[in-house]
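Laboratory data are not the source of any read-out in this text; all were calculated from the coordinates shown. For clarity, every value in this text was computed on a predicted model and none was experimentally measured. Cβ coordinates were reconstructed from backbone atoms using ideal geometry, including for glycine residues, and neighbour counts include every protein chain displayed.
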């Protein structure tokens, strides 16, 4: 006997009941992006490995340990399943000269891949919604991206999301800070765990994000990046804060927030929920003004965010604000094979008029078909028996109200359906 095959660990099926919720969130997000003037971009799942090494940083966990990479022997090139979306968007903007006629607001959605230990809220195939505002240099777009998210949470009925905000300044300011931070961490080496020691010289700012209580005690007394910022960085951050205050979006300044990708500068932010356990970050982003040049393009500013679909959908599910899955407007059943074509054409006409209609398939008695009609959740059963077909009629039975069924002429079934459906719902 052949063994039963299962999905790859950390890569999950989304079954119909849950997919209804995904579709609701996806449609809401798509309309929300459109209202803010963001246009859709779609990039390949597979990119050159060098793209992520250059963009994300050689010393990051993603590049060091988490990417799905392989050599394509046929074309002699290193390829990677994309672990995030920003690098791909910027690569596409450079390759296709998208900024030739001015800045662009873009959004994307789709699967990403990281070889991590699967746990709740963290999977090896996961999905993201992302926004990238390319070519905008001012703090106004940073604030716009953050306020956008606040308004989406309101639209989805989500409460309890906390905005953490910081600025990490310019590369030059971070370099001065980095030198002093390394010196401080060296002096407190005994208080660092193995992970922090590994990062000490390759990516010391990530030590600030450690979740180890012992390391957090060391980090609590470390120098603050804010003390190394120049006038321009401070002014940019104040501009962001001023607009957030004007929009009445509350936030907490987190001086240890640095984000896990090397391309960030100036503003960084995270939207965090305490309802998701250890994987509490629902959305994160910031500014990445050096990324275009880093990838070989003409220097241009950029800012954006990505939100985890699985985590966002879990919050929507638990909020109680998600709408119930859509139910069919009608379920068509017939008494004989001869009646199938009669009902088949009726169902087709109703769908063409915009109604959701399921046609019974597989035969069976009218009684068994009626049970399936009821189980489908449909509002109405449309019955085509021998008598209805002979007389050119259709029987209509409400399934959610204790009302008698009625007959309507077949020629009037579509034109009268809106009233019949409304009565069944009222």
Legend entry - Within the chain, helix-based [θ] at 222 nm, where runs of 4 or more DSSP H residues each add -39,500 (n - 2.57), nearest 500: -11000 deg cm²/dmol
Legend entry - Most mobile of 204, 213, 223 in a GNM of the chain (Cα contacts under 10 Å): 213
Inset, instruction - Could you calculate the FRET efficiency of residue 69 with residue 365 from 1/(1 + (r/R0)^6), where r is the beta carbon distance between them and R0 is 51 Å, rounded to 0.05? - result: 0.30
Inset, instruction - Could you give the spread of the C-alpha atoms of the range 228-386 along their three principal axes, from largest to smallest, in whole angstroms? - result: 85, 38, 30
Legend entry - Max mean-square fluctuation residue, GNM over the chain, Cα-Cα springs under 10 Å, options 87, 226, 31: 31
Legend entry - Cα gyration tensor, the range 226-279 - rounded (a/c under 1.5), prolate or oblate: oblate
Legend entry - Counting DSSP beta bridges with both ends in the range 302-426, the antiparallel % (nearest 5): 50 percent
Inset, instruction - In a Gaussian network model over the chain where Cα atoms closer than 10 Å are linked, find which of 303, 187, 222 has the largest mean-square fluctuation. - result: 187
Legend entry - Extension gain (nm, one decimal) between residue 115 and residue 96, 0.36 nm per residue minus Cα-Cα: 3.8 nm
Inset, instruction - Quick one: angle between helix 231-246 and the longest Cα principal axis of the chain, in degrees between 0 and 90, rounded to 10, please. - result: 30 degrees
Legend entry - Projected area, mean over directions - the chain, Cα convex hull, nm²: 29.1 nm²
Legend entry - Projected label distance in nm at residue 374 and residue 45, using a 7 Å step from Cα toward the beta-carbon: 4.3 nm
Inset, instruction - Would you calculate the separation in nanometres between label points at residue 411 and residue 293, each defined as 7 Å from the Cα along the Cα-to-beta-carbon direction? - result: 7.7 nm
Legend entry - Prolate/oblate/rounded call for the range 159-256, Cα gyration tensor, a/c under 1.5 rounded: oblate
Legend entry - Nearest-ten-degree value, helix 337-352 long axis tilted from longest Cα axis of the chain: 50 degrees
Legend entry - Estimated distance in nm for a label pair at residue 390 and residue 245, the labels positioned 7 Å out from Cα along Cα-to-Cβ: 8.3 nm
Legend entry - Computed E for residue 344/residue 5 - FRET, C-beta separation, R0 25 angstrom, nearest 0.05: 0.10
Inset, instruction - Return the percentage of antiparallel bridges among DSSP beta bridges fully within the range 271-369, rounded to the nearest 5 %. - result: 70 percent
Inset, instruction - Scale the Cα Rg of the range 8-161 by the rule-of-thumb value 2.2 N^0.38 Å and send over the ratio, two decimals. - result: 1.15
Inset, instruction - May I ask for the angle, rounded to the nearest 10°, between helix 366-375 and the longest principal axis of the chain, with both axes built from Cα atoms and the value confined to 0 to 90°? - result: 30 degrees
Legend entry - Pairwise FRET efficiency - residue 356 versus residue 78, Cβ, R0 = 45 Å, nearest 0.05: 0.40
Legend entry - Global geometry of the range 330-425, whether rounded, prolate or oblate, following the gyration tensor of its Cα atoms and the 1.5 cut on a/c: rounded
